[in-house]
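Derivation of every value follows stated rules applied to the coordinates shown; laboratory data play no part. None of these values were measured; they are calculated from a predicted model. Virtual Cβ from ideal backbone geometry, glycine too; neighbours counted across all protein chains shown.
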Amino acid sequence: MKRKIIKQGHNTLTLTLPTEWVKKLNLKAGDEIDLIERDSSLVINGHQNMPEKIAEIDITNFTIPLLWRFFQSAYRAGSDEIKIKFDSNKKDYKDAYHFYTTQFDYSKLGEKVPSKPALAMIQGMVDRFIGMGIIETGKDYCIVKEMGEPTVKEFENSMRRVFLVILQMFERVIEAIDKNEINDSNLCKEIHTIDLNVDRFVDYCCRILKKLSASFPEGKKRLLFSTLFILELVGDEFKYIGKHLAISKKPVKDVLPLIEMVKKHFEMYYNLFYKFSRENAIELGENDYKIYNEHFKMKEKLKDQSKSIETHFMMISKFVLVLTELRIEMEF
């Protein structure tokens, strides 16, 4: 739509706001709105006056994976309040918080987490999402609500935390291999717990991008979403690595040189993300070749869990290259 600029007074220029837009955002005279300058564009943000976004999820007959996807989607979409309805006659639910690890990894290590009542199961899941809390419960429902207002600053802090937690997992895995802390289910649990923080911060960043959509340039927002999803996949690789370490019967120190190179690779990308330069990009590209040379040099020598661990770190190196491509695109 087009609007004519109206001159009022000596130096003042004004524009009228579209009536339907004003009604949709419940704006009235005297309200404050944000004006964001982007090159030749001016974005008017009336988000703070929008009515609460409310979602309702009936989890009756849901599997735990389906429950996760519904709740996570409502959370990432920016819902302020989420009502969860459940079957009050069903007494026991599988533990949602540990579902994937108990089903696939801990179970192989002889671990089993007991079932829980519906509200205890939902509480465990809600605790995984930043800024949300259960504020009301009933016989067959509970209401989850946002406990604070997200900001762009919180996005920046949470995004950086994703990088730092992934680096923490690199360091923990290197330490465990170097000290021969293998064949121990506790290490698997520890790495999984650390990775849960990657998931939490990724979801929170996605939520902020959605809720404060107008605060981010459209093109960059798309690239940030993609970056976050791939960083989450990087974190997931450490879960698989943790499982291999937990079931390994022999030392796996032969894979340490490659792990150190991939860690350096990720650190290069981390630096590039926050301080982009042509020189840093060239260095990262050269290191990618070094990793592949190391991979071909050692792949025939590795056996058993060492080989599996090496495969996952090579996957991380591939993710780093994709992440680098997304970061380069942010420059154009």
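Here are a few things to note about the model shown:
- Selection within segment 143-175 - in contact (Cβ under 8 Å) with a residue 60 or more places away in the chain, in contact with a Gly (Cβ under 9 Å, 6 or more places away or on another chain) and either farther than 30 Å from residue 54 by Cβ or among the hydrophobic types (A, V, I, L, M, F, W, C) (or both): 144, 162, 165, 166, 169, 173
- Residues that are assigned to a loop (DSSP other than H, G, I, E, B) and surrounded by 10 or more Cβ atoms within 10 Å (Cβ to Cβ), drawn from segment 1-15: 3, 15
- Hey, residue 331 under 22 Å from residue 221 (Cβ atoms) and either surrounded by fewer than 19 Cβ atoms within 10 Å (Cβ to Cβ) or touching a residue at least 40 places away in the same chain (Cβ under 8 Å) (or both) or not: yes
- Residue check, residue 265 closer than 28 Å to residue 179 by Cα and either surrounded by fewer than 20 Cβ atoms within 10 Å (Cβ to Cβ) or of a type in the set (Phe, Trp, Tyr) (or both): no
- When we screen 173, 144, 152, 162 for residues that are under 17 Å from residue 308 (Cα atoms) and either in contact with a Pro (Cβ under 6 Å, 6 or more places away or on another chain) or among the aliphatic types (A, V, I, L, M) (or both), the only hit is 173.
- The set of residues in segment 277-309 that are surrounded by 14 or more Cβ atoms within 10 Å (Cβ to Cβ), more than 29 Å from residue 180 (Cβ to Cβ) and hydrophobic (A, V, I, L, M, F, W, C) comprises 281, 284.
- The condition of being on the phi < 0 side of the Ramachandran plot and under 19 Å from the mean Cα position of the chain (by Cα) holds for only one of 228, 258, 245, that being 228.
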